[in-house]
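Worksheet: one structure, shown below.
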Amino acid sequence: MAKIILNKSNYFHNLKLAEEKLGSKDKIAVVLKDNAYGHGLIEVSTMAKEYGITKAVVRTIEEAEKIETFFEQILILADTDIHTYSHTFHIAVNSLEDIERLPENTNVHIKVDTGMHRNGISIENLEEAIHGLLRRKLNLTGVFTHFRSADELSCEFFWQRSVFIQAKNLIKSLCEKLFITIPKFHSANSSALFRFKNYEEDFARLGIAQYGYLETNSVFDNPKLKPVMSLWAEKIVTRELKKNQKVGYGGKYLAKENMKVSTYKVGYGDGFLRLNGKDTYFTPKGYQILGKVSMDNLSINCEDDEVCIFDDVRSLAKIHDTITYEITTTLNPNIPKEIR
């Protein structure tokens, strides 16, 4: 069967780089949504807590409930279905309608739409939102935004920063006028964090960088991160493939000589995105995945009892014309995980 190994030393290395950038580990909020980008919600929470991280970001209430004991503060990005109150949970308000859905005393972070136009409240509606929170007796604990182009070489990053500064100033003014405690502010995701020269907000949301990747344009001075995840598979059987025999669906791989080939217990049913036999992919040891990947297994030109399929997904992302996030988050959450 397949298994995932998480390298704790590499994970701590990535957190340390963020800590040095921010000046304190207290300013790191680890983003653990979607099963910690496929790395395992509980496993990554365990490592983050050991390092001393106190803040996390998730997608749903269900995710937050699973890790409530690991962190002092958990921001929930996309779920307003609150049934039980927890002082640990802070709910993202993405629209004026969200305010009406939340029960009294809920801690909330207002998301400001500074230009991504996906969700969030516009600057023009912030005053209405603040009054709505007061009317509904909700606790404003944070205000944030999300950059749409922090990973690209363009002026849009600076434009959105300026819009968020306007929003912060407006929020501070309203809070002082209404005698409300000024909330915590945060805007940086992984790519944005390492573009700031001096990040002075209350914390940053560290997503893909904690797992060892950064999609930011290489023109920037990107940190030297280390991938945390490796995917392994056990051997099913080894056979000798004769010259001119073919392997797998469509016979996409043709043996140029007699060779040993083994079948391993991992496939696209496990979330390892299907290789169609057109692109050549080599494992970290230099073995080749032969032909098409099947639902539950694949063939490799080796005889090892266990093989590392990948320990860095960047080459796979290029083959599949996607980003590293998609390779890791697509993996089946039921694959067993080990921390080493």
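Averaged over its residues, the stretch 201-268 has an accessible area of 51 Å² per residue, based on protein heavy atoms and a 1.4 Å probe.
So what is the calculated 222 nm ellipticity per residue for the chain, using -39500 (n - 2.57) for each DSSP H run with n of 4 or more, over all residues, to the nearest 500 deg cm²/dmol?
The helix contribution divided over the chain gives -8000 deg cm²/dmol.
Mean separation of Cα pairs under 8 Å and 6+ residues apart, divided by the residue count of the stretch 214-338: what relative contact order is that in percent? Once normalised by length, the contact order is 27 percent. Based on C-alpha pairs under 8 angstrom that are at least 6 apart in sequence, the stretch 1-90 has a relative contact order of 22 percent. Computed on the chain, with alpha-carbon pairs under 8 angstrom and 6+ residues apart, the relative contact order is 19 percent. Any chance you could give the angle, 0 to 90 degrees and rounded to 10, that helix 126-136 forms with the longest Cα principal axis of the chain? It works out to around 80 degrees. Note on residue 282 and residue 306: the model spin-label points, each 7 Å out from Cα along the C-beta direction, lie 2.4 nm apart.
Expressed as a whole percent, the accessible area of the stretch 253-340 that falls on carbon and sulfur atoms is 43 (1.4 Å probe). On C-alpha positions alone, give me the angle between the axis of helix 8-22 and the longest principal axis of the chain, in degrees, nearest 10. For helix 8-22, the angle is close to 30 degrees. Electrostatic tally near residue 118: other residues with Cβ closer than 13 Å to its Cβ, Lys and Arg +1, Asp and Glu -1, net +1. With respect to the chain, whose longest principal axis is taken over its alpha-carbon atoms, helix 156-178 is tilted by about 40°. Does the stretch 1-74 come out rounded, prolate or oblate by the C-alpha gyration tensor, with a ≥ b ≥ c the root eigenvalues, rounded set by a/c under 1.5 and, if not, prolate when a/b is larger than b/c and oblate if not? In terms of gyration-tensor shape, oblate. Per residue, the solvent-accessible area of the stretch 72-150 (1.4 Å probe, heavy atoms of protein chains only, all protein chains present) comes to 45 Å². Remark on the stretch 90-131: Rg and Dmax equal 10.0, 30 Å (Cα only). Note on the chain: Cα-only Rg and Dmax are 23.2, 81 Å. Remark: the stretch 99-195 projects, on average over all directions, an area of 6.2 nm² (convex hull of Cα atoms).
Putting +1 on Lys and Arg Cβ atoms and -1 on Asp and Glu Cβ atoms, find which of 120, 82, 44 reaches farthest to the positive end of the dipole of the stretch 1-134. Value computed over the given set: 44.
Solvent-accessible area of the stretch 142-185 (1.4 angstrom probe, protein heavy atoms only): carbon and sulfur portion equals 57 percent. Roughly speaking, to the nearest percent, how much of the stretch 193-240's 1.4 Å accessible area is carbon and sulfur? C and S fraction of accessible area: 41 percent. With only the Cα atoms considered, the stretch 224-340 has a convex hull volume of 110 Å³ per residue.
The values are calculated or read from the model by the stated rules, or taken from the named source; none is laboratory data. Here the structure is a predicted model, which is why all the values come from computation and not from measurement. Neighbour counts are summed over all protein chains in view; Cβ atoms, including those assigned to glycine, are modelled from backbone coordinates with ideal geometry. For accessibility, only protein heavy atoms count, side chains too; no ligands or nucleic acids. Shrake-Rupley method; radii C 1.70, N 1.55, O 1.52, S 1.80 Å.
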